[in-house]
Amino acid sequence: LLKYDKEITSFHDVIREEDITFPPSYPYIEDSNQPKQYMNTRCPAWCDRILMSHTAHDLINRRDDDDDDAQSVVYNTIGPNVCMGDHKPVFLSFLLKTNNH
């Protein structure tokens, strides 16, 4: 479904986001026994997004250390195995560049 997600392409000159590598964040059924089950009434989509200006994106420090297994940028959902309502919240974790880097 990600190939059909074109909503921000019209604004690509002013905003951007990290690559989406997680499943659609909406619409989940609200059943605590089925936290990964989507509703049958709507098409799954990435409704929850973190968008930023190109200037903000340039401030992200992307480490190239081969010795460090930790990812320098993580864009994902919170609680993939937990029922949290019909949306899975998303988060973006990253380090900022400093004057020394």
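Numerical summary
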{"read-out": "Förster radius 41 Å - calculated FRET efficiency between Phe94 and Gln37, Cβ distance, rounded to 0.05", "value": "0.85"}
{"read-out": "Under 5 Å, built H, 5+ apart or other chain: amide partners of Ala45", "value": "Ser25, Tyr26"}
{"read-out": "Phi-based couplings in Hz for segment 31-41 (Karplus 6.51, -1.76, 1.60; Gly and Pro marked x)", "value": "10, 4, 7, 9, x, 10, 8, 7, 5, 8, 8"}
{"read-out": "Computed over the chain, the ratio Rg/Rh where both radii use C-alpha atoms and Rh is Kirkwood", "value": "1.04"}
{"read-out": "Summed side-chain charge close to Ile50 - residues other than Ile50 whose Cβ falls under 15 Å, Lys, Arg +1, Asp, Glu -1", "value": "-3"}
{"read-out": "For the chain: relative contact order, % (alpha-carbon pairs under 8 angstrom, 6 or more apart)", "value": "32"}
{"read-out": "The chain, dipole about Cα centre (Lys/Arg Cβ +1, Asp/Glu Cβ -1), debye to the nearest 20", "value": "400"}
{"read-out": "Nearest-10 value in Å² for the accessible area of Ile20, using the 1.4 Å probe", "value": "30"}
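The values are calculated or read from the model by the stated rules, or taken from the named source; none is laboratory data. The shown structure was predicted, so the numbers you read here are calculated from the model rather than taken from an experiment. Virtual Cβ from ideal backbone geometry, glycine too; neighbours counted across all protein chains shown. The accessibility values were calculated without ligands, DNA or RNA, using every heavy atom of the protein model including side chains. Shrake-Rupley method; radii C 1.70, N 1.55, O 1.52, S 1.80 Å.
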